[in-house]
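The values are calculated or read from the model by the stated rules, or taken from the named source; none is laboratory data. Only a predicted model underlies this, so the values are computations on that prediction, with no experimental measurement involved. All Cβ positions, glycine included, derive from the backbone under ideal geometry; neighbour counts span all protein chains shown.
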Amino acid sequence: MILGLLAEYLSHPVYEAIAAVVLLGLGYGICIAVSYLQKKSARFRVDAMVRQAREEAERITKEADTKARDELYRMREEFEEETRDAKNELRQQERRLAKREDTLDHKTDLLNRKERYTENLERELAAKQKTVTDREAELAQVVEQEMSSLHQISGLNKDEATQMLLKRLEQELEHEAAEYVSRSVERTKEEADRKAKEILATAIQRCAVEHTAESVVSTIDLPNDEMKGRIIGREGRNIRAFEKATGIDVIVDDTPGVVVISGFDSVRREMARRAMEKLVQDGRIHPARIEEVVEKSKKELDESILEAGKQAALDTDVHGLHPKEIELLGRLRYRTSYGQNVLQHSIDVAHLCGIMAGELGLNIQRAKRIGLLHDIGKAVDQEVEGGHPEIGADLARRYEEPAEVVNAIAAHHEGQDPLSLYAILVQAADAVSASRPGARRETLEKYIKRLEKLEEVANSFPGVETAYAIQAGREVRVIVRPDKIDEKDMAKMGRDIAKEIEHELNYPGEIRVTLIRESRVVEYAR
C-alpha cells in the first residue's frame with residue numbers, strides 16, 4: 001500500500017522532473033567517480049611498470065657487470081698464460097743460443113787446431129817432396145846406367161827389348177786370364193748350380209702344362225671328288241671369290257678327297273678352313289654364299305680368339321690386361337713355332353716364371369704377366385717389320401705396361417740388356433719350355449744343318465782335333481790336341497767356342513760345350 005502511495009505521489013509531473021534532475025546528478029557523480037578511479041588505477045599501473053623497468057634495468061646492469069668482470073678475468077688469465085709461455089720460449093731460445101755459442105767456440109778451437117796441423121803437414125810434405133825429387137833424379141840416373149849396361153850385355157836395343165818384354169807379358173797374362181776364368185767358372189758353378197737346379201726342378205715339377213705340339217690344319221676332307229668341281233665353280237669363279245674373301249690360296253690337285261688351304265697368316269688360314277668346312281657341309285657354293293659364310297666364320301673366329309685370350313689370362317691368374325692384349329693372346333692360339341703352339345708355350349712360360357719368382361721372393365704376379373706376354377709380338381710379326389721381341393715391347397709400351405714388363409719382353413732373346421731379374425727369369429723359362437722333350441719339332445733338313453754348323457764352328461778353332469754334336473744338338477763335344485792346348489787354356493777356349501756359337505747360330509734353349517783333352521801312350525811288347 002505504501003509503495004502504491006509512493007508511486008502515486010511520484011507520478012506527479014513536478015516530482016518527475018525533480019527525480020530526473022536527481023538521477024542526472026547521481027549519474028554525473030558516478031561518472032566522475034569512475035573516471036577518478038580509472039585515473040588512479042592507471043597511475044598505480046604506470047608506477048608499477050616503472051618500478052619493474054627499474055628493477056629489470058638494475059638486474060641487466062648487474063649481469064652485464066658480472067659478465068664484464070668474468071671476461072676481464074678470463075682475458076687476464078689468458079694474457080698471463082701467454083706471457084708465461086713467451087717467457088718460457090725466450091728462456092729456451094736463450095739456452096739454445098748459449099749452447100750454440102759454446103758449440104761454435106768449440107768448433108772454432110778445432111778449426112784453429114786443424115789449421116795449425118795442416119800447416120805442419122804442408123811443411124813436412126814439402127820437405128818430403130824435395131827428398132823424393134832428389135831420389136827420383138838419383139834413381140833415373142841409376143836406371144839409365146843400368147839400361148846402358150843391359151844393352152851392352154844383351155846386345156839388344158830399347159825397342160827390341162820392349163817387344164820381348166811385351167810378348168812375354170802377353171803370354172803370362174793370357175795364362176793368368178785362363179786360370180782366372182777357370183777358377184771363376186768353377187766357383188760360380190759351385191755357388192749357383194745347386195740353387196739354380198733346385199729352382200728349375202721345382203718349377204718344372206709344379207708346372208703341369210701339356211706340351212703336345214699342335215699344327216694348324218691346312219687340308220679339308222671332301223665327301224667326294226664332285227665337290228672339287230663345286231669349289232672351283234664355273235670358269236673358277238667360286239675359288240676366285242673364296243680366295244678374294246679370305247686372302248688364302250686354295251690348292252685343288254689330283255689328291256683324292258682333299259683340298260689344301262695355303263697361306264702364311266695362320267689366323268686367316270683358320271678362318272678359311274672353317275669357312276670351307278661349312279661350305280662343303282652345306283653343299284651350296286656360289287660367290288654370294290661364299291661371302292656370307294666367310295663373314296660368319298670371321299665373326300666366330302673373332303669370338304674364339306677373344307675367348308682363348310680370356311681363358312689364357314684366367315689360367316695364369318693375370319688380371320688387368322688391355323682388351324687388345326687379350327685379343328693378341330688369342331691370336332697366338334693359331335701360331336706355332338717349331339711345331340709348338342705359341343699360346344700354350346706362353347702359358348707354360350707364365351707358370352714357370354711365377355714359380356721361380358716365388359722361390360726367389362719376387363713379385364709372382366709381375367713374373368706371370370711377363371711370361372704370358374713375352375711372345376705377344378708373334379701375333380703380328382707377319383704384319384709389322386722387326387723381330388717379335390721388339391714388336392712385343394712396342395705393343396706393351398703402347399698398352400701402358402710397366403717398364404719392367406717392356407724390358408723383359410725386349411730382352412728375352414738377348415736383343416737388349418736385361419734391367420731386372422724378371423728379364424732373366426723369362427729367358428730361363430722360355431728356354432725350359434722350348435727345350436722340353438716333344439715341345440718343338442723341326443724338319444730333318446734343318447736339324448742336320450744345325451748339327452753340321454755346330455761341328456763346323458767348333459772345328460774352326462786352332463788346336464781342335466774333332467768335334468761331335470750330340471743330344472739332338474743340345475751339346476757339342478770338342479776333342480782338343482793335348483800338345484797344342486794345355487789344361488789352363490781349355491776354360492778360355494770353351495768360353496770362346498760358346499760365344500762363337502751364340503753369334504753364329506739361332507736355336508731354342510741352350511747348347512752345352514764340353515772340351516776333352518787326353519794324352520795316350522801306346523807301346524808294344526814283343
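So, in the stretch 261-281, of the ones that are surrounded by fewer than 19 Cβ atoms within 10 Å (Cβ to Cβ) and under 10 Å from ILE248 (Cα atoms), which residue ends up nearest to the chain's Cα centre (by Cα)? Here the residue is ASP265. Of all residue pairs spaced 6 or more apart or on separate chains, those with beta-carbon atoms under 8 Å, a first member in the stretch 479-494 that is without any contact (Cβ under 8 Å) to a residue 60 or more places away in the chain and a second member that is surrounded by 14 or more Cβ atoms within 10 Å (Cβ to Cβ) and in a helix (DSSP H, G or I) are VAL480/MET490; VAL480/MET493; ILE485/MET493. If the condition is being more than 17 Å from the chain's Cα centre (by Cα) and touching a residue at least 40 places away in the same chain (Cβ under 8 Å), then the stretch 363-392 contributes LYS378, ALA379, VAL380, GLN382. In the stretch 459-511, the qualifying residues are those that are more than 21 Å from GLN427 (Cα to Cα) and among the acidic types (Asp, Glu), and the one that is nearest to the chain's Cα centre (by Cα) is ASP496. When GLU400 is tested against the conditions (1) in a loop (DSSP other than H, G, I, E, B); (2) at pLDDT below 85; (3) over 22 Å from ARG269 (Cα atoms), the lone failure is (2). Filtering the stretch 425-455 to residues that are buried (at least 19 other Cβ atoms within 10 Å of the Cβ), hydrophobic (A, V, I, L, M, F, W, C) and at pLDDT below 60 leaves only ALA439. State whether one or more residues within the stretch 481-502 are under 11 Å from ILE516 (Cα atoms) and in a strand (DSSP E or B). Within the stretch 481-502, not a single residue is under 11 Å from ILE516 (Cα atoms) and in a strand (DSSP E or B).
With of a type in the set (A, V, I, L, M), surrounded by fewer than 18 Cβ atoms within 10 Å (Cβ to Cβ) and not in a helix (DSSP H, G or I) as the only criterion, which of LEU306, LEU321, LEU314, LEU362 stands out?
On the way: LEU306 fails: not in a helix (DSSP H, G or I); LEU321 fails: surrounded by fewer than 18 Cβ atoms within 10 Å (Cβ to Cβ); LEU314 fails: not in a helix (DSSP H, G or I).
Step by step, each of LEU306, LEU321, LEU314, LEU362 is checked, and only LEU362 is of a type in the set (A, V, I, L, M), surrounded by fewer than 18 Cβ atoms within 10 Å (Cβ to Cβ) and not in a helix (DSSP H, G or I).
Please verify whether the stretch 292-309 includes one or more residues that are among the hydrophobic types (A, V, I, L, M, F, W, C), closer than 17 Å to VAL250 by Cα and under 41 Å from the mean Cα position of the chain (by Cα).
Of the residues in the stretch 292-309, the ones among the hydrophobic types (A, V, I, L, M, F, W, C) are 293-294, 301, 305-306, 308.
Still in the running and closer than 17 Å to VAL250 by Cα: 293-294.
Cutting the leftovers down to under 41 Å from the mean Cα position of the chain (by Cα) gives us 294.
Yes.
Taking first residues from the stretch 282-299 that are surrounded by 15 or more Cβ atoms within 10 Å (Cβ to Cβ) and partners that are aromatic (Phe, Trp, Tyr) and in a helix (DSSP H, G or I), the Cβ contacts under 8 Å between residues at least 6 apart in sequence or on separate chains come to ILE290/PHE242; VAL294/PHE242.
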